[in-house]
Amino acid sequence: MLTDLPYRTIAIVRGKDRDAALRTVLTLAEEGITAAEVSFTTPDAPWVIDRARRELGPDALLGAGTVLTATAAARAADAGANFLVTPGLGTDLRRAAPFALPLLAGALTPGEVMDAVEHGATAVKLFPASFGGPDYLAALRAPFPDVPFVPVGGVDAGAARAYLAAGAVAVGVGSPLIGDAADTGDLGPLRARIAAWRTALAEEAAA
C-alpha cells in the first residue's frame with residue numbers, strides 16, 4: 001500500500017468544516033495526491049470518508065486518522081476507510097488487535113515501535129517526527145530495518161525529502177500542504193500548494 005504512493009505522500013486532512021474537508025480530499029485526488037487520511041478530530045469525519053469513498057471509488061486510498069478507540073476504528077471501517085492511523089496504541093486499541101484494516105500506528109521510541117509491530121501494525125507512524133528529525137529515523141532503522149516508517153509531524157517539503165532519503169517509505173503531511181482548506185474550502189491556494197509539493201517531491205518519489 002505504501003511503497004507505490006504517488007509522491008510517497010499521505011495527505012492529512014484535519015479541519016473545522018465537514019464540507020470543506022470533503023472538498024479538500026476530492027481536490028487532492030484530482031491533483032494527484034491520491035492517499036488521504038481524514039482525521040477523526042474533523043466534525044463528522046465518518047460522513048466525510050463515506051462521501052469521499054462514493055466519489056472516488058473502491059480503489060482510492062482513504063484512511064481515518066486520529067483513531068483512538070476500537071469503536072472509532074469500527075466506525076471508520078463502516079464509513080469506507082481502507083486504512084487506520086493512530087497517534088499511538090492505547091489499551092483499547094491493543095485489545096482490538098488484530099485489526100480488519102491496515103494500521104499505521106503511531107510510535108516514537110524503540111519500545112513503542114516494538115509494541116506497534118507486535119500488535120499488527122502494517123507500518124509505523126513516526127510521531128512526532130520533528131522530535132528527532134531525519135537523523136533519528138536513520139538511527140531507528142538500524143535496529144528495525146524491515147519496519148516501514150512514515151514520519152508525521154512538522155513535515156514540510158524539505159523535511160520530506162530528507163526523511164525519504166533516510167529511508168522512510170512515505171511521509172504524512174498536514175498543514176504545510178493542506179493549509180486552511182479544510183476549514184474554509186479555499187481550493188485555489190490548495191491547488192497551488194499541491195503543485196509545489198509535487199514538484200518538490202518528484203525526484204525523491206521516483207527514487
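The values are calculated or read from the model by the stated rules, or taken from the named source; none is laboratory data. All figures in this text were calculated on a predicted structure; none of them were measured in a lab. Note that each Cβ is placed from the backbone with ideal geometry, even for glycine, and that neighbours are counted across all protein chains shown. Heavy atoms of the whole protein, side chains included, go into the accessibility calculation; ligands, DNA and RNA do not. Shrake-Rupley method; radii C 1.70, N 1.55, O 1.52, S 1.80 Å.
L126 fulfils the conditions (1) touching a Phe, Trp or Tyr at 6+ places or on another chain (Cβ under 6 Å); (2) surrounded by fewer than 16 Cβ atoms within 10 Å (Cβ to Cβ); (3) of a type in the set (A, V, I, L, M, F, W, C) except for a single criterion, (2). Being part of a helix (DSSP H, G or I), farther than 19 Å from D19 by Cβ and under 17 Å from the mean Cα position of the chain (by Cα) is the filter here; which residues of the stretch 37-82 pass it? Scanning the stretch 37-82 gives A72, A73, A76, A77.
Summed over the stretch 26-36, the residues that are free of Cβ contacts under 8 Å to residues at least 40 places away in the same chain and in a loop (DSSP other than H, G, I, E, B) give a count of 1.
Yes or no: L93 more than 30 Å from L26 (Cα to Cα), free of Cβ contacts under 8 Å to residues at least 40 places away in the same chain and touching a Leu at 6+ places or on another chain (Cβ under 8 Å)? The answer is no for L93.
Of all the listed residues (T86, T9), the sole one being closer than 16 Å to T122 by Cβ, of a type in the set (S, T, N, Q), modelled with pLDDT of 95 or more and in contact with a Leu (Cβ under 9 Å, 6 or more places away or on another chain) is T86.
Scanning the stretch 23-59 for residues that are among the hydrophobic types (A, V, I, L, M, F, W, C) and over 23 Å from P87 (Cβ atoms) gives L26, A29, L56.
Every condition in (1) in contact with an Asp or Glu (Cβ under 7 Å, 6 or more places away or on another chain); (2) open to solvent by 30 Å² or more (accessible area, probe 1.4 Å); (3) more than 14 Å from V13 (Cβ to Cβ); (4) of a type outside the set (G, A, S) holds for P189 except the one numbered (1). The set of residues in the stretch 13-41 that are open to solvent by less than 10 Å² (accessible area, probe 1.4 Å) and of a type in the set (A, V, I, L, M) comprises V13, A20, A21, V25, L28, I33, A35, A36, V38.
Pairs are defined by a Cβ separation below 7 Å, a sequence spacing of at least 6 or placement on different chains, a first member in the stretch 106-126 that is under 16 Å from E37 (Cα atoms), and a second member that is basic (K, R) and at pLDDT 95 or above; the pairs so defined are G106/K125. Looking at the stretch 102-193, none of the helices (runs of 4 or more DSSP H) lying wholly inside it contains 3 or more residues that are within 18 Å of L84 (Cβ to Cβ) and touching a strand residue (DSSP E or B) at 6+ places or on another chain (Cβ under 6 Å). Filtering the stretch 169-186 to residues that are open to solvent by less than 10 Å² (accessible area, probe 1.4 Å) and more than 13 Å from the chain's Cα centre (by Cα) leaves A181, A182.
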